[in-house]
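Below: the structure, in structure tokens.
The values are calculated or read from the model by the stated rules, or taken from the named source; none is laboratory data. Remember, it's a predicted structure, so these values are computed and weren't measured experimentally. Positions of Cβ are backbone-derived with ideal geometry, glycine not excepted, and every protein chain shown enters the neighbour counts. The protein model used for the area step is the full one, side chains on, heavy atoms only, and it has no ligands, DNA or RNA in it. Shrake-Rupley method; radii C 1.70, N 1.55, O 1.52, S 1.80 Å.
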Amino acid sequence: MPIDVMPIIYPFIRLAALLLVALVVGLFAAAYVNHRMRLMEYPDSQRRRWRTLAFEASTLFIAVLGAIAVFLPTP
């Protein structure tokens, strides 16, 4: 009798997809903040701080939303 490994693999695939989406959104947010602050001629040290904050906040937000969606019961 073969062992069905798909129920074990699916949560890892969903987690990897969630982390990939969070990474892409975080990178976009950091690039956008950096672009806007460069247009307003902020110093590099201040841009770096706000860029990091935008990346962390947006990545955390997407990860939390994804975790909530993963644990919601499916109909």
Query raised in the report: Applying the selection to region 35-72, what residues are exposed (fewer than 11 other Cβ atoms within 10 Å of the Cβ), under 18 Å from V21 (Cα atoms) and among the aliphatic types (A, V, I, L, M)?
Result: I68, A69
Query raised in the report: Looking at this structure, is V25 in contact with a Pro (Cβ under 9 Å, 6 or more places away or on another chain), open to solvent by less than 80 Å² (accessible area, probe 1.4 Å), at pLDDT below 95 and assigned to a helix (DSSP H, G or I)?
Result: no
Report summary line: Those residues of region 1-19 which are over 17 Å from the mean Cα position of the chain (by Cα) and open to solvent by 90 Å² or more (accessible area, probe 1.4 Å) amount to M1, P2, I3, D4, I8, Y10
